Amino acid sequence: MSAHLYGPDFFQDPYATYARLRSAAPVHPLPPRGDGPPGFLVTGYSAARAALADPRLSKDTARYFAGRPTGRRLHPALAHTMLATDPPDHTRLRRLVAPAFTTGAVTRLRPYLDGLTADLTRDWRTGDTVDIVAELAVPLPVTVICHLLGVPEEDRTRLRTWSDELFEAGAPDRTDTASHEVAEYFGRLVAAKRAAPDDGLLSALIAARHGADRADRLEEDGLVSLAVLLLVAGHETTTNLIGNATLALLAHPDAAARLRDRPELVPDALDELLRYDSPVSVATFRYATEPLTLGGTDIPAGAPVLISPGAANRDPARYADPDTLDLDREAAGHLAFGHGIHRCLGAPLARAEAASVLTALLTRFPGLRLAVPAAGLRYRHTRLMRGLEALPVTL
């Protein structure tokens with residue numbers, strides 16, 4: 001993406017930049033990166049929703065970059081995840097993991113989620129200052145997805161560090177190194193689970209590899225790719241959702257008081273909180289397989305197309321007064337979890353985790369407030385995600 005979009009001001013508040021671009025056109029041309037063709041950034045809601053479901057926009061990055069020198073050494077397991085495939089491969093891979101993330105499966109996890117939230121906040125006392133990101137928003141979803149996968153507890157801190165580095169903007173060497181670290185780790189874990197299976201999701205995927213249905217068999221690289229994707233996607237979005245939603249409620253005390261008085265409204269309020277400050281700023285890479293017109297802009301074959309859910313969710317053509325948090329708004333059509341066949345598989349789990357945390361914070365700590373001036377908060381320098389580095393609060 002164009003370098004001028006990624007200055008410090010953009011990471012702190014991308015919405016002003018998105019509004020400026022969207023006011024000119026819902027699809028904004030971008031200069032080429034390296035030897036690649038010019039790309040496009042989609043900021044309008046209608047164009048973004050259409051683009052997310054358009055089969056002419058491929059996610060097959062292996063095909064796109066074949067023969068193109070990139071100067072990168074990203075591990076193949078990360079370059080060829082389910083997020084970087086098209087049907088029928090995408091359909092087959094999604095079918096394998098979907099049962100673990102259905103609404104029913106997540107509902108059965110809710111007592112575990114509430115218990116974990118209680119454990120993480122058990123020693124918190126009124127008057128204490130804590131970092132919501134480091135002490136709750138990070139460990140809860142990491143623990144949950146590692147629990148589902150069967151990752152040993154002593155390895156979880158390392159995995160979180162590698163995951164952070166995978167999304168760090170402007171640090172390609174660190175990202176590439178982290179990709180090898182996390183992929184090699186899961187290669188070893190797959191071997192260990194094959195030798196001693198447990199009841200975790202990773203063991204289930206290994207069993208599917210040896211199942212009678214040949215169409216569901218996964219090669220070794222496929223197992224590692226799925227494991228890496230589930231780890232990263234299973235906590236990055238949720239960590240940012242929890243931090244962003246907590247900050248939004250701290251900045252809107254009337255909304256927080258309403259949910260504190262009626263915590264049963266928290267699950268429905270999540271749609272507006274997701275719309276207001278989406279944990280995903282820009283969706284993962286797509287490119288046009290043939291010429292098409294999107295939002296009135298002609299896009300040639302081969303052009304990269306970047307879609308911004310964060311920008312689309314603030315489009316005044318879709319949401320009146322979009323920069324205002326309004327819990328009475330009908331926000332269920334937001335694009336924070338994507339749209340179409342690549343819509344976030346873990347959306348029910350992310351919502352359940354966030355609901356558990358927000359309910360606990362609002363009901364246990366009614367005097368919750370920022371421990372530092374809001375202007376002092378800093379956001380992670382990552383192009384894809386939008387999330388706080390830290391969120392210090394006084395209980």
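From the Cα trace of segment 93-237, what convex hull volume per residue do you get, rounded to a whole Å³?
133
Which percent of Cα pairs goes in each bin when the distances of segment 170-315 are cut into 10 angstrom slices starting at zero?
Pairs per bin, as whole percents: 9, 23, 23, 28, 15, 1.
May I ask you to evaluate 6.51 cos²θ - 1.76 cosθ + 1.60, the Karplus curve with θ = phi - 60°, for each residue of segment 266-280 and list the ³J(HN,Hα) values in order in whole Hz, giving x for glycine and proline?
4, x, 6, 5, 4, 4, 5, 5, 5, 5, 5, 9, 4, x, 10
When only Cα pairs under 8 Å and 6 or more residues apart are kept, what is the percent relative contact order across segment 3-394?
This gives 28 percent for segment 3-394.
Could the peptides 35-45, 126-136 be put in order, highest first, of the mean number of other beta-carbon atoms found within 10 Å of their residues?
Listed from highest to lowest mean packing, they are 35-45, 126-136.
From the helices alone, meaning DSSP H stretches of at least four residues, give me the mean residue ellipticity at 222 nm for the chain, per-run term -39500 (n - 2.57), in deg cm²/dmol to the nearest 500.
Per the formula, -15000 deg cm²/dmol.
Compactness ratio of the chain: Cα Rg over 2.2 N^0.38 Å, N = residue count?
Dividing the Cα Rg of the chain by 2.2 N^0.38 Å gives 0.97.
Would you please classify the overall shape of segment 81-174 from the alpha carbon gyration tensor, given that a ≥ b ≥ c denote the square roots of the eigenvalues, rounded means a/c under 1.5, and beyond that prolate means a/b larger than b/c while oblate covers the rest?
It is oblate, given that a/c is not under 1.5 and a/b is not larger than b/c.
Treating the beta-carbon of each Lys and Arg as +1 and of each Asp and Glu as -1, no other charges, what is the dipole magnitude of segment 70-161 about its Cα centre, to the nearest 20 debye?
The calculation lands at about 460 debye.
Show the residues, 5+ positions off or on another chain, whose built amide H is closer than 5 Å to the amide H of Ile307.
Hits under the 5 Å cutoff: Val42, Ala283.
Can you work out the Karplus-derived ³J(HN,Hα) for every residue in segment 374-381? Use 6.51 cos²θ - 1.76 cosθ + 1.60 with θ = phi - 60°, whole Hz, and x for glycine or proline.
Running phi through 6.51 cos²θ - 1.76 cosθ + 1.60 with θ = phi - 60° gives 4, 5, x, 6, 10, 9, 4, 8 Hz.
Values in this text are rule-based calculations from the coordinates and carry no lab data. Since the model is a prediction, treat every value here as computed from it, not as a measurement. So basically every Cβ, Gly included, is an ideal-geometry build from the backbone, and we count neighbours across all protein chains shown.
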